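*Asks:* Just dropping this structure here.
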Amino acid sequence: MIRDDPEWETRAKCRTADPEELFVEGAAQNRAKALCNGCPVRTECLAHALDNRIEHGIWGGMTERDRRALLRRRPTVTSWRLLLQTARTEHLRRPLPIQATDRKRTA
């Protein structure tokens, strides 16, 4: 769940990274975005960037271009924090799909 936690940055996976690695262009952006994989506060980071219209750098695994496109597609969103929190809660409520290998074992 996204918390109203001003200290979320202290739990970010990138907190010890060189900031120059997160404010890159071109192919280097893919390496920077990979740093976000598995980050415990990725959603909080993305919501912060979207709500504050941060224009530069990798935030929550998205480039500035990715974020601009998302903002254009969803112009009526007033709180990305709330939207992403709700989406995460709904996602966690869904039952896990049964894998084909699980069906074989139960048959």
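The values are calculated or read from the model by the stated rules, or taken from the named source; none is laboratory data. Everything quoted here is computed from the prediction, not taken from an experiment. As a convention, Cβ positions derive from the backbone with ideal geometry for all residues, glycine included, and neighbour counts pool all protein chains shown. We work out accessible area using only protein heavy atoms, side chains counted, and drop any ligands, DNA or RNA first. Shrake-Rupley method; radii C 1.70, N 1.55, O 1.52, S 1.80 Å.
*Asks:* Using 7 Å Cα-to-Cβ label points, what is the Thr78/Asp66 separation (nm, one decimal)?
*Replies:* Each label point is offset 7 Å from its Cα along the Cβ direction, giving 2.8 nm.
*Asks:* Per residue, how many Å² of accessible area does the chain show with a 1.4 Å probe?
*Replies:* 73
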